[in-house]
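Could you have a look at this structure, given as structure tokens, before my questions?
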Amino acid sequence: MTVWYIMDLVGTSVFAISGALSALGKKMYHDLFGLFFIGFVTAVGGGTLRDVIIGAYPIAWIRDPNYLIVILSSVMLAVLCRRWWLGTLQRPLLVFDTIGAGIFTILGMQKALALGVNEWASILLGLISALFGGVIRDTLVNDLPLIFSKQLYATPCLAGALLYLVGRSLPIDPNVTFIVSVGAITIFRLVAIRRNWALPQIQ
């Protein structure tokens with residue numbers, strides 16, 4: 001069990017919680033399968049699309065049952081602790097979404113690069129890994145996907161991806177590069193939320 005595998009499961013978990021919290025925020029309490037499905041597509045939607053594009057078969061959650069176990073456990077945790085999430089964490093959906101986006105951006109890039117994808121394409125694949133599950137989630141719960149809102153969402157992921165490529169070219173421990181890049185995405189996004197940063201609007 002490698003550190004990258006553990007981080008992939010962690011990212012899967014936080015995205016599943018993000019999806020479940022989004023559904024719970026829409027008062028979807030009565031359909032447990034629906035909650036699981038939204039958590040599931042949030043957690044693996046982006047990674048599945050990435051793997052289909054680069055031909056990485058079998059897809060991770062099909063090959064390894066641990067992903068489904070983690071998703072189910074995370075959705076149950078979100079349901080059981082929903083009052084704590086919503087009462088203690090400010091904007092909990094955005095917090096979990098941000099952590100998941102940071103982890104999956106870099107993990108998506110790593111997987112693409114390991115299969116020989118060029119560096120610029122790996123950035124796009126990392127963004128797909130991080131953002132596409134959230135697009136599906138928001139569409140299913142009838143929200144405007146965050147990627148299309150005025151909030152800085154894709155920009156922190158892009159900045160972290162570029163930072164990862166720079167760190168990868170330097171004589172730095174890969175684990176340090178990973179942690180710094182994920183941390184940069186997470187902090188950038190949370191500060192942007194806190195300060196209401198947004199890109200200029202097109203007139």
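Among the candidates Leu170, Leu163, single out the residue that is farther than 30 Å from Leu24 by Cα and crowded, with 19+ Cβ neighbours inside 10 Å.
On the way: Leu170 fails: crowded, with 19+ Cβ neighbours inside 10 Å.
Within the list Leu170, Leu163, the selection yields Leu163.
For every residue, the table says whether it meets (1) modelled with pLDDT of 90 or more; (2) open to solvent by less than 40 Å² (accessible area, probe 1.4 Å).
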position: Trp84; (1), (2): no, no
position: Thr98; (1), (2): no, yes
position: Met109; (1), (2): yes, yes
position: Leu113; (1), (2): yes, yes
position: Asp138; (1), (2): yes, yes
position: Val141; (1), (2): no, yes
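Output the residues belonging to the range 143-155 that are farther than 22 Å from Phe37 by Cα, surrounded by fewer than 18 Cβ atoms within 10 Å (Cβ to Cβ) and either among the hydroxyl-bearing types (Ser, Thr, Tyr) or out of contact with any Leu (no Cβ under 9 Å at 6 or more places or on another chain) (or both).
Hits for the range 143-155 are Phe148, Ser149, Thr155.
Here's a follow-up. Being free of Cβ contacts under 8 Å to residues at least 40 places away in the same chain and within 17 Å of the chain's Cα centre (by Cα) is the requirement here; does Leu170 meet it?
Working: free of Cβ contacts under 8 Å to residues at least 40 places away in the same chain: yes; within 17 Å of the chain's Cα centre (by Cα): no.
No; evaluated as a whole, the condition is false for this residue.
Given (1) on the phi < 0 side of the Ramachandran plot; (2) modelled with pLDDT of 90 or more, identify the lone condition not met by Gly55.
Condition (1) is where Gly55 drops out.
Pairs under 9 Å by beta carbon, first residue on the phi > 0 side of the Ramachandran plot in the range 137-161, partner at pLDDT below 90, six or more apart or different chains?
The qualifying pairs are Asn142/Lys26.
Within the range 1-29, restricting attention to residues that are part of a helix (DSSP H, G or I) and hydroxyl-bearing (Ser, Thr, Tyr), which residue is surrounded by the fewest Cβ atoms within 10 Å (Cβ to Cβ)? Show your work before the answer.
If we filter the range 1-29 for residues that are part of a helix (DSSP H, G or I), which is where we start, we get 3-25.
Filter once more, keeping what is hydroxyl-bearing (Ser, Thr, Tyr): 5, 12-13, 18, 22.
Details: Tyr5: 13, Thr12: 29, Ser13: 24, Ser18: 29, Ser22: 25.
My answer is Tyr5.
Can you pull out every residue in the range 118-135 that is surrounded by fewer than 18 Cβ atoms within 10 Å (Cβ to Cβ) and of a type in the set (A, V, I, L, M)?
Of the residues in the range 118-135, the ones surrounded by fewer than 18 Cβ atoms within 10 Å (Cβ to Cβ) are 118-121, 124.
Listed by number, the residues that qualify are Ala121, Leu124.
The values are calculated or read from the model by the stated rules, or taken from the named source; none is laboratory data. Please read all numbers here as calculations on a predicted model, not as lab measurements. Using ideal geometry, Cβ is built from the backbone for each residue, glycine included, and neighbour counts are taken over all protein chains shown. When the accessible area is computed, the model is the full protein with side chains, heavy atoms only, and any ligands, DNA or RNA have been set aside. Shrake-Rupley method; radii C 1.70, N 1.55, O 1.52, S 1.80 Å.
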